[in-house]
Amino acid sequence: MIAVELDDQGAESRIFLAAPLLVEDLINHFGEQIDVKDSIIWNRATQSVRARQYQRLGALVLKEGPLAQPDPQKVLARCLLGLAKRDWKIYPGHGQLVSFVNVFIL
């Protein structure tokens, strides 16, 4: 939605007139400026890897969804790094595992 007429009260402004704006229109008009990024992260809450793809126009997220075919090496790296960062500091090789993942896989 594009606000055309506001009451100019800052963050508490009311919109008097607005027009709809479709994501597809933004993609058609600003296609070359749209940044597509893949994100593969370790989710500590679920103890799993989350792979998503984002399409952004500046700070505006136009589309977000699951990454269809994430890079298997990156998924493995995030998994190993996530597991290595758990509370396993009593394990003697903990530091070496984190270093290995950071240097050789990421």
Under 5 Å, built H, 5+ apart or other chain: amide partners of Lys63: Gln55
Length released on extending from Arg56 to Asp35, taking residue separation times 0.36 nm less the Cα-Cα span: 7.0 nm
Gained length - Leu76 relative to Ser48, 0.36 nm times residue gap less alpha-carbon distance: 9.0 nm
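Here, each number is a calculation from the coordinates, and none is a lab measurement. These numbers were taken from a predicted model, which means no experiment stands behind them.
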